[in-house]
1. I want to confirm something. Restricting to the range 325-364 and keeping residues that are part of a strand (DSSP E or B) and among the β-branched types (Val, Ile, Thr), which single residue is nearest to the chain's Cα centre (by Cα)?
2. Of all residues in the range 297-324 being over 17 Å from PHE270 (Cβ atoms) and assigned to a helix (DSSP H, G or I), which is nearest to the ligand (Cβ to nearest atom)?
3. For the range 5-53, which positions are of a type outside the set (Ser, Thr, Tyr), crowded, with 17+ Cβ neighbours inside 10 Å and in contact with a His (Cβ under 9 Å, 6 or more places away or on another chain)?
4. Return the residues of the range 351-389 that are within 12 Å of the ligand (Cβ to nearest atom), more than 22 Å from THR329 (Cα to Cα) and of a type in the set (A, V, I, L, M); say none if nothing qualifies.
5. Kindly indicate whether GLU290 is away from the ligand (no atom under 16 Å from the Cβ), of a type outside the set (Val, Ile, Thr) and in contact with a helix residue (DSSP H, G or I) (Cβ under 7 Å, 6 or more places away or on another chain).
6. Counting just the residues of the range 131-152 that are in a strand (DSSP E or B) and buried (at least 22 other Cβ atoms within 10 Å of the Cβ), which one comes out farthest from the ligand (Cβ to nearest atom)?
7. Picking from ALA181, ALA213, ALA219, ALA240, which residue would you name as being over 30 Å from MET419 (Cα atoms) and crowded, with 22+ Cβ neighbours inside 10 Å?
8. Condition first: buried (at least 20 other Cβ atoms within 10 Å of the Cβ) and either at pLDDT below 95 or small (Gly, Ala, Ser) (or both). Now tell me which residues in the range 344-383 satisfy that.
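The values are calculated or read from the model by the stated rules, or taken from the named source; none is laboratory data. Predicted model only: the values in this text are computed from it and were never measured. Here Cβ is always computed from backbone atoms with ideal geometry, including for glycine, and neighbour counts include all displayed protein chains. With ligands, DNA and RNA removed, areas are computed over all heavy atoms of the protein, side chains included. Shrake-Rupley method; radii C 1.70, N 1.55, O 1.52, S 1.80 Å.
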Amino acid sequence: MRFYSTNSPLSFTSLADAIMKSLPEDNGLFMPETIPALSPEFFENIERSSFSEIAFEVAKQYLSPDLSLKEIREITDDAINFPVPLVELEKGTFMLELFHGPTLAFKDVGARFMSRTMALLNKNQSKKLTILVATSGDTGSAVANGFYKVEGIEVIILYPSGKVSPLQEKQLTTLGGNITALEIKGTFDDCQRMVKLAFLDTSLREKYRLSSANSINIARLIPQSFYYFDAFRQLKDKSAPVYFSVPSGNFGNLTAGLLAKRMGLPIAAFIASTNENNSVPRYLNSGEYEPTHTIATISNAMDVGAPSNFARMNHLYHESVDEMRSDITGYYFSDTDTRSEMINTYSRYRYMLDPHAAVGLLGWKEFKKSAPDHAQGIVLETAHPTKFIDVVKETLNIEPEIPKALADLITLEKKSVLMGPEYEGLKSFLMSR
Ligand SMILES: *Cc1c(COP(=O)(O)O)cnc(C)c1O
């Protein structure tokens, strides 16, 4: 399939280009030429399919014929190797647990799919592909893990020294192999600036084939639609209307849901649930889009003042707020609301929520007040509660059990290269390898 930029809908680029470039030159975002509808047979057979078979059926609509069906099957079988259980909290309220992957967050799905797709698209190139990425924590750990041991690709991650959580730092620095962690004595913005300069440096680009792995890459968006279908597969009642509440920051997850709906998945509507970084809910209320500075909250993976996928959403609704409102309702919540919901859910159901999922559940509860009685709400649970263990501990006053994968990580030795926040240092490191 071909792809175009939201800023130039009449000029097309190949799948490989859209993925390797990540961002079009005109500052838009890549979109698929068409959003293919899945066949009625697909939906009739969905209960008999596995998650990875569903992933294959969806993925092939976008990746074929650029990749062969055999290659696409390889990608989805290998990338989608953990379940996304749908858990019913009470009648009509479900949590979709997206945190059973290696770094315990939904970003594993996108990162694992992108890495394997890039490796196959790159396999006839003589030069190795180098992924250069700046991270403030979560994205970097999913990317590091997703690309670990993927052939023909190496990853260089820049992270701000002392500014990621101890657990995140271990996730970035203990893999080794094709993953190199550079610990920058500066801020996340310094890391990002250094990466940007590297992409503009022609002498560096003679030596390296560079690509990025940021969250707006179309190869991360496509796989995020898989689990909307898998949630529907798991629903017992497929006739009552289904609503998805999506705890959102950059709105990649929600935009992937919009693709799923347009591919034919019967989703009644979406709930955009945010923390105080509420540019999209405010837009849906007022009709004015006014992105702002970022506010720090306890659901910090959603601390985004100017969501990068807003351009895609706006494009899908022809820049019309009324059209968007017919599919999406927005709500935002304070940290106090979020903590109360974590406490409430734990005391009612003995179910532990991380702060992001709590925001999602609040959104569904708010929406439900005016929804039909038989409406079913599915909340995307974007992270395992122990990923945000400090917030969970101080809010619930309990000591959550750490999953073994994380507990083992703490004992591993950190391996990073410490350097200053100047581009010259990064360049000489890269040129001398
Ligand atoms: C990244 C992230 C989000 C936000 O997802 P977007 O696709 O950026 O809206 C929500 N929760 C967690 C735990 C995340 O890591």
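1. Ranking the qualifying residues of the range 325-364, first place goes to ILE328.
2. The selected residue is ALA301.
3. Hits for the range 5-53 are GLY28, LEU29, MET31.
4. Listed by number, the residues that qualify are LEU353, ALA383.
5. Judged against the criteria, GLU290 is a match.
6. Restricting to residues being in a strand (DSSP E or B) and buried (at least 22 other Cβ atoms within 10 Å of the Cβ), the top hit is LEU132.
7. Every option except ALA219 fails the conditions.
8. Within the range 344-383, ALA357, ALA358, GLY360, GLY363, GLY377, ALA383 qualify.
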